[in-house]
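The values are calculated or read from the model by the stated rules, or taken from the named source; none is laboratory data. Everything numeric in this text was worked out from a predicted model, so none of it was measured. Note that each Cβ is placed from the backbone with ideal geometry, even for glycine, and that neighbours are counted across all protein chains shown.
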Amino acid sequence: MPLLTQKTRYELFELSAGDRGGYLTNAMFNSQQFFCHLLFLFTVKDFQSAPTKTKAFFIWERFLAPNMVHVENFEAVPGLDIAVECDRDNLTGLSGQITVMKAQQDAAKRMSWAQRKWTASSRVPSAILFNAVVDKICKKTGDNAFGDIEARLHSTTTWSGSTWQGTAKKYIPTLLTELAAAGFDGTKSGYSSVRGHLS
């Protein structure tokens, strides 16, 4: 892999879709932490361009919800843990919005086909649903994942260790299938570029 240009966390969030794959691949080579934090940013960008409830629930449940519960009470989704670092207090408002969206989804299932079609547009989530949380995560100072990403991501060109490489090759292919099933675009979310390095 060639060296990439060093980027701030804000520049990474604003990368063009065509550039995301290279940075996500470097993040995967480096560590699980780098990979999940950058994948979070890129799936949010994908969501912004084409928001759906399925994408919103995936982002919430896989990246953010684990921060809302005590670790000993959290039943992890089987596979790779992709939760990002986020203070629980920063998620309270978003948690309420997700609850409302799920209630709307349940109510829609009880509607007739005509009613669901007529009211579908009113249930599309806002494209800026995750913006406040992303902003708070990116503004976190001190020791945090994005500080490390800014310093080292661009110069990572090979796997950082055999243990993480084995874990990645075991679990990331399933994660990529789950991302596709949730409607995330492989280019917009960057994940299509990592497939070739998992065989």
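Once the stretch 1-50 is narrowed to residues that are buried (at least 17 other Cβ atoms within 10 Å of the Cβ) and part of a loop (DSSP other than H, G, I, E, B), the residue that is farthest from the chain's Cα centre (by Cα) is K7. Within the stretch 179-190, residues that are under 10 Å from A17 (Cβ atoms) have Cβ atoms under 6 Å from residues that are surrounded by 23 or more Cβ atoms within 10 Å (Cβ to Cβ) and of a type in the set (S, T, N, Q) in these pairs: S189/T43, counting only partners at least 6 apart in sequence or on another chain.
So, A27, is that one more than 23 Å from D81 (Cα to Cα) and among the hydrophobic types (A, V, I, L, M, F, W, C) or not? Against the criterion (more than 23 Å from D81 (Cα to Cα) and among the hydrophobic types (A, V, I, L, M, F, W, C)), A27 does not qualify.
Taking E72, is it surrounded by fewer than 17 Cβ atoms within 10 Å (Cβ to Cβ), modelled with pLDDT under 85 and assigned to a helix (DSSP H, G or I)? Considered against the rule, which asks whether it is surrounded by fewer than 17 Cβ atoms within 10 Å (Cβ to Cβ), modelled with pLDDT under 85 and assigned to a helix (DSSP H, G or I), E72 comes out as yes.
Selection of first residues in the stretch 146-172 that are under 11 Å from A27 (Cα atoms) and surrounded by 13 or more Cβ atoms within 10 Å (Cβ to Cβ) and of second residues that are aromatic (F, W, Y) and at pLDDT 90 or above, restricted to Cβ pairs under 6 Å at least 6 apart or on distinct chains, gives the following pairs, ordered by first then second residue: I149/F34; T156/F29; W159/F29. Report whether or not L176 is in a helix (DSSP H, G or I) and either under 24 Å from K55 (Cβ atoms) or without any contact (Cβ under 8 Å) to a residue 24 or more places away in the chain (or both). It is true that L176 is in a helix (DSSP H, G or I) and either under 24 Å from K55 (Cβ atoms) or without any contact (Cβ under 8 Å) to a residue 24 or more places away in the chain (or both). What's the number of the condition A103 fails, among (1) at pLDDT below 90; (2) surrounded by 12 or more Cβ atoms within 10 Å (Cβ to Cβ); (3) among the hydrophobic types (A, V, I, L, M, F, W, C)? Unmet for A103, out of (1) at pLDDT below 90; (2) surrounded by 12 or more Cβ atoms within 10 Å (Cβ to Cβ); (3) among the hydrophobic types (A, V, I, L, M, F, W, C): (2).
Listed by first and then second residue, the pairs linking a residue in the stretch 14-36 that is under 15 Å from Q165 (Cα atoms) to a residue that is assigned to a helix (DSSP H, G or I) and hydroxyl-bearing (S, T, Y), with Cβ atoms under 9 Å apart and 6 or more places separating them unless they lie on different chains, are L24/Y191; L24/S193; T25/S193; N26/S155; Q32/T167.
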